[in-house]
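To start, the structure under review is shown below, and the notes come after it.
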Amino acid sequence: MFTYLRAILIIYSSFLYLVDANSQNINDLLLSDNYEFIDLSHPFDGNTIYWPNKQSFVYSKKVIKEMDDGTTYAENEFATSEHGGTHLDAPYHFNEKGERVGLISLEKLIVPLIIADVSSQVNDDPNFVLYKHHLDHMINDNFGKPCVIVFKFGWSKFIHNRQQYLGLGANNTLNFPGVSAEVMEWITSSYKNIVGVGVDVSSVDPGSSTSFSAHKIGAAAGLYNIENVNLNRPVPEYGCTAIVMPMKLTEGTGAPARFVALCPKKKQSS
Ligand SMILES: [Zn+2]
């Protein structure tokens, strides 16, 4: 019996060896120490930023009890708006014919990641609106494959100050940078390989927008958004893979998401 099992194991391991020798194995890449994960999500807790009048993240019930054998048992229940913290907007959010969260395919959620860092042009100005001319120098042929593009406005550093992050004014007006209709039209017409647009602010549209043009144009083209991306850690502009994991809400117009970049490790310069 054991000889038989050992024979199977030997055959199996030599098969694995052949696979390793002849093809790139994703597990080997992950374990090679040449790649690192960078978390692009903010945590969900009582400090998570939501728009005014939205259901903030709360634990509606917290249970922790001691068991008869001295161990403990813990279980919580929570409530949250779909659209707060680091989250995905499904196309359905602004397009009744668009996909809901649960239908967005993994092929659109795990794709090359491009970070377009415009933070030096924003220069902490909450009235900044991203137009085409801000991007002319960085649009290049790296856009050939399906990808997610994340615009870095340099806003993540304000995440611990809700007033400043949202630019909260009288009557709950909002004021933070965002993407113009012009840029979203440009993306959806000229860069059809882009499947999602991310921002390190609370909305793809500027905070002061009442028309939500960028949302509408993107949703009409089937794009999703990722909002409140955490860009407090440096992320290479090119070469990383986006792993966007929203909670699989069947009817979701949006969903809290874990957003991670898988990036080649920077080589130590000697
Ligand atoms: Zn949203």
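Structure notes:
- Solvent-free Debye scattering, log10 I(q)/I(0), computed from the Cα coordinates of segment 133-237 at q = 0.10, 0.14, 0.18, 0.19 Å⁻¹: -0.28, -0.56, -0.89, -0.98
- Global geometry of the chain, whether rounded, prolate or oblate, following the gyration tensor of its Cα atoms and the 1.5 cut on a/c: oblate
- Rounded to the nearest 500, the 222 nm mean residue ellipticity of the chain from helices alone is -6000 deg cm²/dmol, with -39,500 (n - 2.57) taken per DSSP H run of at least 4 residues.
- Partner lysines for K216 [C-alpha distance under 26 Å; skip if fewer than 8 residues away on the same chain]: K54, K97, K108, K132, K145, K152, K192, K248
- Net charge of Cβ neighbours under 11 Å - reference V201; Lys, Arg +1; Asp, Glu -1: -2
- Working ranking of peptides 196-207, 121-132, 164-175 by packing, defined as the average number of other Cβ atoms within 10 Å per residue, highest first, is 196-207, 121-132, 164-175.
- Within segment 178-246, the proportion of Cα pairs with more than 17 Å between them is 44 percent.
- Within the accessible surface of the chain, defined with a 1.4 Å probe on protein heavy atoms only, the carbon and sulfur portion equals 54 percent.
- The convex hull of the Cα atoms of segment 31-79, projected and averaged over all directions, covers 6.7 nm².
- Free-standing Cys, the chain [no other Cys Cβ under 4.7 Å]: C147
The values are calculated or read from the model by the stated rules, or taken from the named source; none is laboratory data. This is a predicted model, so every value here is computed, not measured. We place every Cβ from the backbone using ideal geometry, glycine too, and count neighbours over all the protein chains shown. Note: areas computed on protein heavy atoms with side chains; ligands, DNA, RNA excluded. Shrake-Rupley method; radii C 1.70, N 1.55, O 1.52, S 1.80 Å.
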